[in-house]
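The values are calculated or read from the model by the stated rules, or taken from the named source; none is laboratory data. Here the structure is a predicted model, which is why all the values come from computation and not from measurement. Glycine also receives a Cβ, built like all others from the backbone with ideal geometry; neighbour counts cover every protein chain displayed. We work out accessible area using only protein heavy atoms, side chains counted, and drop any ligands, DNA or RNA first. Shrake-Rupley method; radii C 1.70, N 1.55, O 1.52, S 1.80 Å.
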Amino acid sequence: MSTSPQLQPPPSATSAPDYDAIIIGAGMSGLYQLYRLRQLGMRVRVFEAGTNVGGTWYWNRYPGARFDSESYSYGYSFSKELLEEWDWSEHFAGQPETLRYLNHVADKFDLRRDIQFRSRVTAARYEEATRGWTVTLEDGSHFRAHFLITAIGPLSTPTLPRIEGRDTFQGQSFHTARWPHAPVDFAGKRVAVIGTGATGVQTIQTIAGSVGHLTVFQRTPNWCAPLHNGKIDAETQRKIKAGYPEMFARCQQTFACFLHTPDPRGAFEVTAEERESFYEKRYAERGFGIWQGNFRDILIDREANATISDFVARKIRQRVKNPTLAEKLIPKNHGFGTRRLPLETFYYEVYNRDNVDLVDIAETPIERITPDGISTSAAEYEFDIIVYATGFDAITGSFDKIDFRGTDGAPLRDKWKSGPQTYLGIMVDGFPNMMMLMGPHTALGNIPRSIEYSVEWVTGLIRFAQDNDLTRLEATRAGVTSWTDHVKVLGEGLLSNEVDSWMTGINRNVEGKQIRIIARYSGSAPAYRARCDEVAAKGYRELLLA
Ligand SMILES: Cc1cc2nc3c(=O)[nH]c(=O)nc-3n(C[C@H](O)[C@H](O)[C@H](O)COP(=O)(O)OP(=O)(O)OC[C@H]3O[C@@H](n4cnc5c(N)ncnc54)[C@H](O)[C@@H]3O)c2cc1C
């Protein structure tokens, strides 16, 4: 279905809205929300900046991009038929497979007919007269709807480093999250990768064998642990499918919806030998077990954390032959697991290769990008390709890019200047009929499990409005203050909230993001759901309903 843009001026507030609901974003969140709202009989339009569905998995086409959630725990759980017919080929699927999966979902449920691609939303304004939203696209067209649902992604606004001369480089350069759709030829090329977060690690370990020479520019080393990926054989496939109900039930019970459950013991409640063998076991297991399935106190107790940090540091020293290099790869400014843990496949062994060098830019900072390459305080390097694995303006970044205006015309950006303020991570006072999926202050973890829950909650609220002839739903100021305070309290005492990272809102490449904020809900997913369920069960009386 094509919709002709309604060019300036904005439609009058008295004319009928174009849609019952507008959803921004066609990633996992937007697709599922569309599916659910259609079931309520609503006329829905999704605006998506990209040229196709998939969100994260559409944009992040860099070499080696893949899950760190187990594939089968990541997929949607809502359709038995979908679960039955889809075979994940690996325990941690690569990006092309996940993108194929999301395209399959879009086709199977005929979602594309309500999605308008190449449509970046730049502004959204609430109008009291109609109790609705007017959304403006980059091309100046406007659309109106009663409800506005943001599904714009916690990690979807890439950031480039603020380095002088970036535009002067004459070779090829790519941000990992804006990777070209055609393959990039690395053979024999001199390649730089800037950044060693999860994305940098995946890229580095994947291209090291095919480039001519690779130079890694590292500002902060991250703790990494082995992914232990593998193909899924037919028998395992059968067991996975037969066990889906139990597996999803388990994800509902764990702290962050991953398959891994923390050990109930503290790190010092066992002997040193037992601790060592426990760590060995976790290090040899697939996925996030070493992070999410570790002793219960490693992320809150400094001394407990030091034991696992020391264990992983020893592993790095064993795996990297050059002792000086090994020391550079061991984080010294944060403990294991206090930033999101990159999972790796022979990442450390890459540094034993003759064609790979590491430049520590904490020691010798990058001064500028030159037409030929990169110049640091110590040397000039020439490159054919520069890869920016410099991550995202996380969680609030995509909100900052849209000019949201609420009841008093005040920008959401201003309201959130000192950190986001939300009600359940879903609503904001002064912004009626707007709901956020995977915005700030919501449970993240193994994200699709949280996506499905939040979509169900939002759908339940809209169904309630339909059933009760309500046309205006708004969070109260008191509700927002109370939830925001609660989220802050939950963050106290967590080692991760004492570390600069995207999880604490720090991004040295983005102006105004140098002060730590609490953007992330750090309580357990079951506790989050219990609170949201309670609100629904009590008839949403905590909201202003009209
Ligand atoms: C490389 C990578 C690996 C990851 N691996 C995992 C993993 O293993 N497990 C896990 O749980 N999570 C993982 N994540 C997190 C991942 O983002 C979520 O799992 C999930 O895909 C989020 O879905 P979403 O629909 O909420 O957001 P997204 O997938 O980010 O989709 C948001 C969409 O909104 C669109 N959009 C944004 N702003 C606008 C605008 N103004 N106008 C129009 N469209 C807009 C974007 O183009 C995008 O398509 C990973 C993230 C990255 C970057």
3J(HN,Hα) from dihedral phi, segment 322-328, Karplus parametrisation 6.51/-1.76/1.60, rounded to Hz, x for glycine, proline: 7, x, 5, 5, 4, 4, 5
Among M42, Y74, V53, the residue whose Cα sits farthest towards the positive end of the charge dipole of segment 39-111, when +1 is placed on the Cβ of each Lys and Arg and -1 on the Cβ of each Asp and Glu, is M42
To the nearest 20 debye, what charge dipole does segment 119-175 have about its Cα centre, counting +1 at the Cβ of each Lys and Arg and -1 at the Cβ of each Asp and Glu? 140
In terms of modelled amide H atoms, which long-range or inter-chain residues lie less than 5 Å from the amide H of E367? S375, T376, S377
Counting Lys and Arg as +1 and Asp and Glu as -1, what is the net charge of the other residues whose Cβ lies under 13 Å from the Cβ of Y348? +4
1.4 Å probe accessible area per residue over the chain, in Å²: 41
Within segment 320-363, which chymotrypsin sites (Phe, Trp or Tyr not before Pro) sit in a loop by DSSP and count at most 15 neighbouring Cβ atoms inside 10 Å? F346
So for the chain, taking the charge dipole from beta-carbon charges (+1 Lys/Arg, -1 Asp/Glu), which of A177, P440, A145 sits furthest toward the positive end? A145
Using a simple charge model, +1 on the beta-carbon of Lys and Arg, -1 on the beta-carbon of Asp and Glu, nothing else, what dipole does the chain show about its Cα centre, in debye to the nearest 20? 460
For helix 244-253, report the angle its Cα long axis makes with the longest principal axis of the Cα atoms of the chain; keep it between 0 and 90° and round to the nearest 10°. 90
What helix-only [θ] at 222 nm does the chain give? Using -39500 (n - 2.57) per DSSP H run of at least 4, over all residues, to the nearest 500, the answer is -9000 deg cm²/dmol
Computed over the chain: longest principal axis from alpha-carbon atoms vs helix 272-283 long axis, angle to nearest 10 degrees, is 60
Excluding residues fewer than 8 places away in the same chain, name every one of the lysines whose C-alpha is closer than 30 Å to that of K321. K189, K231, K281, K332
Which lysines, on any chain, are close to K401 with Cα under 19 Å apart, when same-chain ones fewer than 8 places away are left out? K415, K417, K513
Using θ = phi - 60° and the Karplus relation 6.51 cos²θ - 1.76 cosθ + 1.60, list the HN-Hα couplings for segment 81-90 in order, rounded to whole Hz, with x at every Gly or Pro. 4, 4, 4, 5, 8, 9, 9, 6, 8, 9
Going highest first, how would you order 149-162, 114-127 by mean Cβ packing within 10 Å? 149-162, 114-127
Near the amide H of A124, under 5 Å away, which other amide H atoms are found, from residues 5 or more places off or on another chain, if H is placed in the peptide plane? T136, D403, F404, R405
Calculate the length of the line joining the C-alpha centroid of segment 57-85 to that of segment 314-350, in whole Å. 28
Please list 239-250, 132-143, 383-394 highest first by mean number of surrounding beta-carbon atoms within 10 Å per residue. 383-394, 132-143, 239-250
If we sort 251-264, 452-465 on the protection proxy, mean other Cβ atoms within 10 Å, highest first, what's the order? 452-465, 251-264
Shape call for segment 163-221 from the C-alpha gyration tensor, a ≥ b ≥ c root eigenvalues: rounded (a/c under 1.5), prolate (a/b greater than b/c) or oblate? rounded
Excluding ligands, DNA and RNA, the carbon-plus-sulfur percentage of the accessible area of segment 337-447 with a 1.4 Å probe reads 43
